[in-house]
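This report refers to the structure that appears directly beneath it.
The values are calculated or read from the model by the stated rules, or taken from the named source; none is laboratory data. What you see is a predicted model, and the numbers here were worked out from it, not measured in a lab. Cβ sites come from the backbone with ideal geometry, for glycine too, and all protein chains shown count toward neighbours.
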Amino acid sequence: MEKFLSFDDIKKSLENRETDCKAIVNYYLQNIQTKAHLNAFVEVYKDSALEQASKVDEKISSGKAGKLAGMVIGIKDVLVYQDHESNASSKILKGFKSQFTSTAVQRLIDEDAIIIGRLNCDEFGMGSSNENSAHGKVLNAADEERVPGGSSGGSAVAVQANLCTVSLGTDTGGSVRQPAAFTGLVGIKPTYSRVSRWGLIAYASSFDTIGVFSRNVPDNALVMEVMAGPDNFDSTVSRKAVPHYSELLHFDKRAKVAYLTETIESPALQEEIKSNTVAVLDKLKEEGHQVEEVHFPLLKYVLPTYYILTTAEASSNLSRFDGVKYGYRTPNAHNLESMYKKTRSEGFGEEVKRRIMLGTFVLSASYYDAYFTKAQRVRRLIKEFTEDLLTKYDYIIMPTTPTTAFKFGEHSNDPVAMYLEDLFTVQASVSGVPSISIPNGKDKKGLPIGLQVMANSFKEAELYAFAKYLTDINSNS
Amino acid sequence: MLSAKIKDKYELVVGLEVHAQLLTKSKMYATDSTEFGNMPNTQVSVLTLGHPGTLPKVNRRAVEFAIKMGLACNSTITRKNIFARKNYFYPDLPKGYQITQDKGPICVGGEVPVTLSDGSKRSIALTRIHMEEDAGKSMHLAGEVDTLVDFNRAGVPLIEIVSEPDIRSSEEAYAYLVEIKKLVKYLDICDGNMEEGSLRCDANISVMLKGAKEYGKKVEVKNMNSFRNVARAIEHEFERQVAMVEEGVEIISETRTFDAATGLTASMRTKEDLNDYRYFPEPDLSPVVVSEEWLESIKVAMPSLPRELHHKFVNEFGLPEYDAGVLTDSKEIARYFEKLCKKTKNYKAASNWMMGPVKSYLNELTLHIEDFPVTPEQLAALIALIDEGKVNFSVASQKIYPELLKNANKSPLQIAQELNLIQESDEGSLKPIVESVLAENEAKVAEYKSGKKGLMGMFMGQVMKKSQGKADPKVATKLLSEILDN
């Protein structure tokens with residue numbers, strides 16, 4: 001029997017003394033074992049999780065437990081955890097153990113969350129199917145022949161298959177929202193700079209965010225409010241105070257909602273996704289909210305802008321993996337140059353190499369202005385358009401993805417088709433605004449569909465409240 | 001060697017890039033210590049080593065130091081500072097990029113005034129001063145096949161001071177570097193030690209026909225570890241490049257290295273081999289904004305600059321340019337002198353003391369002025385003793401001063417009294433001495449009176465001898481004249 005499907009369940013069971021943290025951890029450990037073939041976990045911290053569980057149990061009995069006591073969390077393999085291995089699903093970081101813990105994870109631990117293990121993902125967060133991983137592919141529990149989405153595929157499946165209560169992912173261009181859509185979960189990308197990036201192995205610094213997977217909105221909101229906020233280790237993180245999202249979930253206003261013609265009318269959009277999205281918009285109108293169609297002529301520039309800027313940053317961020325200081329070093333080098341070349345050729349996977357080359361190209365002196373400078377300008381236009389729209393409207397609604405989960409290998413030989421998977425999610429990433437994906441029914445094959453809602457920067461509280469409201473009124477799910 | 005006539009057709013054009021290592025306690029973007037000379041890889045946090053997940057954080061002290069240098073050079077201070085990544089692979093560069101500034105350096109423009117040996121003055125224009133981090137050090141140990149890397153220096157803050165191609169002679173280059181070193185030391189932002197690498201200089205050198213509108217192709221010269229070698233490298237390059245132009249050989253843009261043993265430069269790499277550094281704005285650092293308040297607080301804390309002190313010494317104290325130059329050579333000497341001048345108004349005497357007895361004592365024992373045992377108050381008191389006629393300069397410098405150096409707790413007057421050196425200027429007590437000298441030398445007195453006026457000195461000598469050097473020469477001369485010339 002499935003248990004502990006929400007943190008509320010867990011808390012009630014703990015309060016009623018029906019269970020303790022140790023039993024909860026053991027329950028998840030059992031599930032992880034049973035569903036090991038899904039390949040969601042790269043490493044399970046069995047001993048340290050049980051040890052932590054005992055400590056939290058003691059705290060609970062002495063009445064000193066933090067607000068996440070009883071919550072069991074898996075973390076994506078790009079968030080470092082002191083004295084634990086972190087590989088970013090790459091061979092190049094084989095054997096690397098971090099000497100410190102990422103701020104996001106530390107804050108969860110400080111509130112007595114239990115970290116149960118690290119989760120598979122696309123190498124350095126680069127991918128939309130979790131097929132680019134040195135740890136192998138992750139199976140979607142809804143259909144094991146299909147991808148779970150990426151790059152945070154392991155994080156999605158871990159919650160989908162009930163291997164932990166919630167999980168952390170990272171979202172640079174849709175890496176939380178797209179797998180959340182593919183697995184029928186709630187997944188948020190917060191405002192850029194809302195959560196400290198200290199301890200997040202960088203892919204593209206000016207896009208990277210840490211997000212949360214959960215089965216429901218309240219759990220997601222609670223985890224986010226614990227992680228977010230100022231941090232001395234990250235000079236780019238926002239100093240804005242963090243509202244208690246989990247206590248602000250009541251929604252009773254009349255919302256102004258925009259939907260974008262170019263997304264809903266996109267030829268790439270799967271029919272059932274369109275109809276389910278339209279159904280939500282109709283329902284909103286029915287409930288008396290203002291719903292309007294808006295043109296977004298820049299949509300076609302969003303993906304190129306995203307790929308130029310993220311690959312540029314990635315090409316530089318990944319320069320440190322050179323075999324000199326840590327991680328993988330080729331055994332076949334005969335001089336410095338061959339050490340660099342072989343270490344990096346052997347250590348990185350195909351997609352990472354493709355993006356490093358692309359990024360190096362767009363930053364090279366002869367092409368800098370044509371690509372990087374221009375993409376920076378277009379980014380500003382997209383950001384201004386989006387923020388402007390989000391001052392006129394409270395929310396933008398669109399599908400999270402053009403299709404539901406596809407089969408393994410379906411896009412393997414066509415990187416551009418794979419990049420199109422991010423078509424709807426990159427707008428929020430390029431603009432920096434928060435965006436959430438919530439379940440919106442299933443397609444004919446029974447595969448989950450995601451609905452994406454965006455709000456203006458730092459409006460996570462409003463976004464969570466509206467997402468919960470949508471979940472409550474939605475007849476698709 | 002080229003003839004002077006040929007060389008005279010050409011003009012030398014030099015721009016200098018000076019890296020100054022800042023004297024902050026911690027690194028540019030990390031909290032590791034910057035202390036020099038510790039065991040390798042003992043000042044290396046996860047940040048310095050570029051571990052995944054780390055993020056830089058700007059050291060505000062380093063920003064202040066850069067601003068101080070900019071203020072000292074009359075540069076415009078940039079209010080919103082954006083950092084940039086300079087990407088290249090090298091084992092001593094842990095992140096695979098250096099965090100520096102590209103567009104929008106902290107200090108824009110500015111100038112460094114220099115004085116040449118013929119007394120002429122020039123101002124060398126600056127392009128920019130920007131902040132960046134140092135790299136580690138590759139080490140090739142004897143008997144060791146592998147190259148080892150020490151990351152202690154990685155991340156130590158630097159400023160790079162870039163001049164315009166404004167320098168026209170090796171002497172100007174030398175004077176410019178002396179001035180830069182003086183400035184960073186006055187500002188306490190760098191120890192200015194070129195041999196230890198805390199001050200490093202690269203030179204961009206080209207030649208053109210006099211009056212030409214376009215510069216020649218520039219050659220970058222590296223690895224000059226002293227000011228003298230920078231001047232030598234420039235002289236050599238001028239000769240080499242002029243000879244090439246004369247022979248019709250094209251000069252190529254390249255990086256050359258200077259060999260101090262031979263005084264020659266040799267090609268290191270041509271521009272074609274150069275890295276494309278792929279600069280782009282550093283996304284891991286939020287811009288550092290220099291607020292009005294912050295800038296004001298830095299301005300208030302600025303020490304007096306050498307040129308301000310020079311101006312003060314010449315215009316307020318009425319000292320010769322030469323004196324002002326010597327006295328402002330180091331901040332410590334200038335500070336001592338300023339204190340001294342608070343206690344005495346005889347500025348020229350004070351300057352003479354500083355440049356004479358004080359300097360020779362320091363030089364002899366290779367001491368710094370901070371270790372000088374005599375306080376400005378004591379030195380002022382000694383000058384006062386001379387001014388009041390209580391002792392003369394030679395007694396002061398040869399008898400009291402050495403004693404003062406040994407017994408710094410005594411006052412000059414005390415020493416003069418103890419050694420019985422106070423001048424006799426009382427006519428009543430000097431008169432018997434004068435009279436007895438003249439009485440003992442009747443023959444000479446007669447010669448004097450018959451016109452041999454030069455004997456006056458001999459009488460003076462006798463009076464001084466009899467008074468054991470204490471006779472006030474002015475009073476003694478007056479008494480001698482009164483008797484002899486009547």
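Is it the case that B:SER120 is in the same structural domain as B:VAL290 (by TED's automatic domain parsing), of a type in the set (Ser, Thr, Tyr) and at pLDDT below 95?
Values: in the same structural domain as B:VAL290 (by TED's automatic domain parsing): yes; of a type in the set (Ser, Thr, Tyr): yes; at pLDDT below 95: yes.
Considered against the rule, which asks whether it is in the same structural domain as B:VAL290 (by TED's automatic domain parsing), of a type in the set (Ser, Thr, Tyr) and at pLDDT below 95, B:SER120 comes out as yes.
From the list B:LEU116, B:LEU126, exactly one residue is closer than 23 Å to B:GLU64 by Cα and out of contact with any Phe, Trp or Tyr (no Cβ under 9 Å at 6 or more places or on another chain). Which is it?
Details: B:LEU116 fails: closer than 23 Å to B:GLU64 by Cα.
Within the list B:LEU116, B:LEU126, the selection yields B:LEU126.
Select from segment B:88-103 the residues that are surrounded by 21 or more Cβ atoms within 10 Å (Cβ to Cβ) and in contact with a helix residue (DSSP H, G or I) (Cβ under 7 Å, 6 or more places away or on another chain) and write down the one among them that is nearest to the other protein chains (Cβ to nearest Cβ).
Per the criteria, the residue is B:GLY96.
What are the residues in segment A:439-466 that are more than 16 Å from A:ILE396 (Cα to Cα) and not in a strand (DSSP E or B), if any?
Those that are more than 16 Å from A:ILE396 (Cα to Cα) and not in a strand (DSSP E or B): A:ASP443, A:LYS444, A:LYS445, A:GLY446, A:LEU447.
Somewhere in segment B:72-85, is a residue without any contact (Cβ under 8 Å) to a residue 12 or more places away in the chain, closer than 18 Å to B:GLU132 by Cα, within 14 Å of another protein chain (Cβ to nearest Cβ) and in contact with a helix residue (DSSP H, G or I) (Cβ under 9 Å, 6 or more places away or on another chain)? Full working, then the answer.
From segment B:72-85, those without any contact (Cβ under 8 Å) to a residue 12 or more places away in the chain are none; that's our starting set.
Looking for residues that are without any contact (Cβ under 8 Å) to a residue 12 or more places away in the chain, closer than 18 Å to B:GLU132 by Cα, within 14 Å of another protein chain (Cβ to nearest Cβ) and in contact with a helix residue (DSSP H, G or I) (Cβ under 9 Å, 6 or more places away or on another chain), one finds none in segment B:72-85, hence no.
Suppose we keep only residues that are among the hydrophobic types (A, V, I, L, M, F, W, C), part of a helix (DSSP H, G or I) and under 27 Å from the mean Cα position of the chain (by Cα) within segment A:305-340. Which one would you say is farthest from B:PHE151 (Cα to Cα)?
Kept after step one, since they are among the hydrophobic types (A, V, I, L, M, F, W, C), are these residues of segment A:305-340: A:308-309, A:312, A:314, A:318, A:321, A:324, A:333, A:336, A:339.
Imposing the further condition that a residue be part of a helix (DSSP H, G or I) reduces the set to A:308-309, A:312, A:314, A:318, A:336, A:339.
Add one more test, that the residue is under 27 Å from the mean Cα position of the chain (by Cα), and what stays is A:308-309, A:312, A:314, A:318.
On the way: A:ILE308: 33, A:LEU309: 31, A:ALA312: 27, A:ALA314: 24, A:LEU318: 19 Å.
Out of the qualifying residues, it is A:ILE308.
If B:ASP118 meets every condition in (1) within 14 Å of chain A (Cβ to nearest Cβ); (2) without any contact (Cβ under 8 Å) to a residue 12 or more places away in the chain apart from one, which number is that one?
Just one mismatch for B:ASP118, condition (1).
Examine segment B:383-394 for a residue that is free of Cβ contacts under 8 Å to residues at least 60 places away in the same chain, in a loop (DSSP other than H, G, I, E, B) and of a type in the set (D, E, K, R), and state whether such a residue exists. Please lay out each step first, then the result.
First, the residues of segment B:383-394 that are free of Cβ contacts under 8 Å to residues at least 60 places away in the same chain: B:383-388, B:390-391, B:393-394.
Keeping just the survivors that are in a loop (DSSP other than H, G, I, E, B) gives B:388, B:390-391.
Those left that are additionally of a type in the set (D, E, K, R): B:388, B:390.
Yes, the conditions are met somewhere in segment B:383-394.
So for segment A:84-96 (the condition being more than 13 Å from the chain's Cα centre (by Cα) and basic (Lys, Arg)), does at least one residue qualify? Walk me through it before giving the result.
Taking segment A:84-96 and keeping what is more than 13 Å from the chain's Cα centre (by Cα), we get A:84-96.
Filter once more, keeping what is basic (Lys, Arg): A:91, A:94.
Yes, segment A:84-96 contains a residue that is more than 13 Å from the chain's Cα centre (by Cα) and basic (Lys, Arg).
Going through segment A:97-117 one residue at a time, which ones are in a helix (DSSP H, G or I) and more than 14 Å from chain B (Cβ to nearest Cβ)? Break it down stepwise before answering.
At the first step, the residues of segment A:97-117 found to be in a helix (DSSP H, G or I) are A:103-110.
Matches in segment A:97-117: A:ARG107, A:LEU108, A:ILE109, A:ASP110.
Within the bounds of segment A:43-62, is there any residue that is polar (S, T, N, Q) and in a loop (DSSP other than H, G, I, E, B)? Give the derivation first.
Within segment A:43-62, the subset polar (S, T, N, Q) is A:48, A:52, A:54, A:61-62.
The next check asks that each one be in a loop (DSSP other than H, G, I, E, B); those that pass are A:62.
Yes, segment A:43-62 has at least one match.
So the check is Cβ under 8 Å with 6+ separation or different chains; which pairs have a first residue in segment A:318-343 that's at the interface with another protein chain (Cβ under 10 Å from one of its Cβ atoms) and without any contact (Cβ under 8 Å) to a residue 12 or more places away in the chain and a second one that's hydrophobic (A, V, I, L, M, F, W, C) and assigned to a loop (DSSP other than H, G, I, E, B)?
Between residues of segment A:318-343 that are at the interface with another protein chain (Cβ under 10 Å from one of its Cβ atoms) and without any contact (Cβ under 8 Å) to a residue 12 or more places away in the chain and residues that are hydrophobic (A, V, I, L, M, F, W, C) and assigned to a loop (DSSP other than H, G, I, E, B), the close pairs are A:SER319/B:PHE89; A:LYS325/B:LEU49.
Return the residues of segment A:349-379 that are out of contact with any Phe, Trp or Tyr (no Cβ under 9 Å at 6 or more places or on another chain), at the interface with another protein chain (Cβ under 10 Å from one of its Cβ atoms) and over 20 Å from A:SER206 (Cα atoms); say none if nothing qualifies.
A:SER366
In the list B:ARG168, B:ARG153, B:ARG200, which residue meets the criterion of being in contact (Cβ under 8 Å) with a residue 12 or more places away in the chain, exposed (fewer than 15 other Cβ atoms within 10 Å of the Cβ) and either away from chain A (no Cβ under 14 Å) or among the acidic types (Asp, Glu) (or both)? Reasoning before the result, please.
On the way: B:ARG153 fails: exposed (fewer than 15 other Cβ atoms within 10 Å of the Cβ); B:ARG200 fails: exposed (fewer than 15 other Cβ atoms within 10 Å of the Cβ).
Being in contact (Cβ under 8 Å) with a residue 12 or more places away in the chain, exposed (fewer than 15 other Cβ atoms within 10 Å of the Cβ) and either away from chain A (no Cβ under 14 Å) or among the acidic types (Asp, Glu) (or both) holds for just one of B:ARG168, B:ARG153, B:ARG200, which is B:ARG168.
Search segment A:411-438 for residues that are modelled with pLDDT of 85 or more and part of a helix (DSSP H, G or I) and pair each with any residue that is among the charged types (D, E, K, R) and surrounded by fewer than 24 Cβ atoms within 10 Å (Cβ to Cβ) when their beta-carbon atoms are under 6 Å apart and the residues are at least 6 apart or on different chains.
Partner pairs satisfying both residue conditions: A:VAL430/A:ARG379; A:SER431/A:LYS383.
Can you say whether A:ILE73 is at pLDDT 95 or above, among the aliphatic types (A, V, I, L, M) and in a strand (DSSP E or B), as far as the supplied structure shows? Step through it out loud before you land on a result.
On the way: at pLDDT 95 or above: yes; among the aliphatic types (A, V, I, L, M): yes; in a strand (DSSP E or B): yes.
So A:ILE73 fits the description; yes.
Select from segment B:277-289 the residues that are in contact with a Lys or Arg (Cβ under 9 Å, 6 or more places away or on another chain) and either hydroxyl-bearing (Ser, Thr, Tyr) or in a loop (DSSP other than H, G, I, E, B) (or both) and write down the one among them that is surrounded by the most Cβ atoms within 10 Å (Cβ to Cβ). Spell out the reasoning first.
Kept after step one, since they are in contact with a Lys or Arg (Cβ under 9 Å, 6 or more places away or on another chain), are these residues of segment B:277-289: B:277-285, B:287-289.
Still in the running and either hydroxyl-bearing (Ser, Thr, Tyr) or in a loop (DSSP other than H, G, I, E, B) (or both): B:277-279, B:282-285, B:287.
On the way: B:TYR277: 17, B:ARG278: 23, B:TYR279: 18, B:GLU282: 25, B:PRO283: 20, B:ASP284: 23, B:LEU285: 22, B:PRO287: 16.
Restricting to residues being in contact with a Lys or Arg (Cβ under 9 Å, 6 or more places away or on another chain) and either hydroxyl-bearing (Ser, Thr, Tyr) or in a loop (DSSP other than H, G, I, E, B) (or both), the top hit is B:GLU282.
If I ask for residues that are assigned to a loop (DSSP other than H, G, I, E, B), without any contact (Cβ under 8 Å) to a residue 24 or more places away in the chain, among the aliphatic types (A, V, I, L, M) and under 30 Å from B:ALA349 (Cβ atoms), which ones from segment B:290-321 would you list?
Hits for segment B:290-321: nothing passes.
How many residues are assigned to a loop (DSSP other than H, G, I, E, B) and either free of Cβ contacts under 8 Å to residues at least 40 places away in the same chain or not assigned by TED's automatic domain parsing to the domain that holds B:ASN152 (or both) if we restrict to segment B:86-102? Give the derivation first.
Taking segment B:86-102 and keeping what is assigned to a loop (DSSP other than H, G, I, E, B), we get B:88-96, B:101-102.
After this cut, where a residue has to be either free of Cβ contacts under 8 Å to residues at least 40 places away in the same chain or not assigned by TED's automatic domain parsing to the domain that holds B:ASN152 (or both) as well, the list is B:89, B:101.
Here the count works out to 2.
I'm trying to understand the selection: among the residues of segment B:124-170, which are in a loop (DSSP other than H, G, I, E, B) and closer than 25 Å to B:VAL14 by Cα? Please lay out each step first, then the result.
Taking segment B:124-170 first, the residues in a loop (DSSP other than H, G, I, E, B) are B:134-136, B:140-147, B:151-156, B:164-166, B:168-169.
Residues satisfying the conditions are B:ASP134, B:GLU164, B:PRO165, B:ASP166, B:ARG168, B:SER169.
Okay, residues lined up against (1) buried (at least 23 other Cβ atoms within 10 Å of the Cβ); (2) within 14 Å of chain B (Cβ to nearest Cβ):
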{"position": "A:GLY95", "(1), (2)": "no, yes"}
{"position": "A:ASN120", "(1), (2)": "yes, no"}
{"position": "A:GLU145", "(1), (2)": "no, no"}
{"position": "A:ASP171", "(1), (2)": "yes, no"}
{"position": "A:PHE182", "(1), (2)": "yes, no"}
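Please note which strands (runs of 3 or more DSSP E) are completely contained in segment A:195-304 and include at least 1 residues that are buried (at least 17 other Cβ atoms within 10 Å of the Cβ) and within 14 Å of chain B (Cβ to nearest Cβ).
A:209-214
Results for (1) closer than 18 Å to A:GLU271 by Cβ; (2) surrounded by fewer than 24 Cβ atoms within 10 Å (Cβ to Cβ), shown as yes or no for each residue.
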site	(1), (2)
A:ALA428	no, no
A:VAL433	no, no
A:SER437	no, no
A:GLY446	yes, yes
A:PHE458	no, yes
A:LEU463	no, no
A:TYR469	no, yes
A:ILE473	no, yes
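Quick grid of which residues meet (1) charged (D, E, K, R); (2) buried (at least 19 other Cβ atoms within 10 Å of the Cβ); (3) modelled with pLDDT under 95; (4) touching a strand residue (DSSP E or B) at 6+ places or on another chain (Cβ under 8 Å):
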{"site": "B:GLU164", "(1), (2), (3), (4)": "yes, no, no, yes"}
{"site": "B:ALA175", "(1), (2), (3), (4)": "no, yes, no, yes"}
{"site": "B:SER206", "(1), (2), (3), (4)": "no, yes, no, yes"}
{"site": "B:TYR215", "(1), (2), (3), (4)": "no, no, yes, yes"}
{"site": "B:LYS222", "(1), (2), (3), (4)": "yes, no, yes, yes"}
{"site": "B:GLU235", "(1), (2), (3), (4)": "yes, no, no, no"}
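Inspect segment B:38-58 for any residue being surrounded by 21 or more Cβ atoms within 10 Å (Cβ to Cβ) and over 26 Å from A:SER86 (Cβ atoms) and give the result as yes or no.
no
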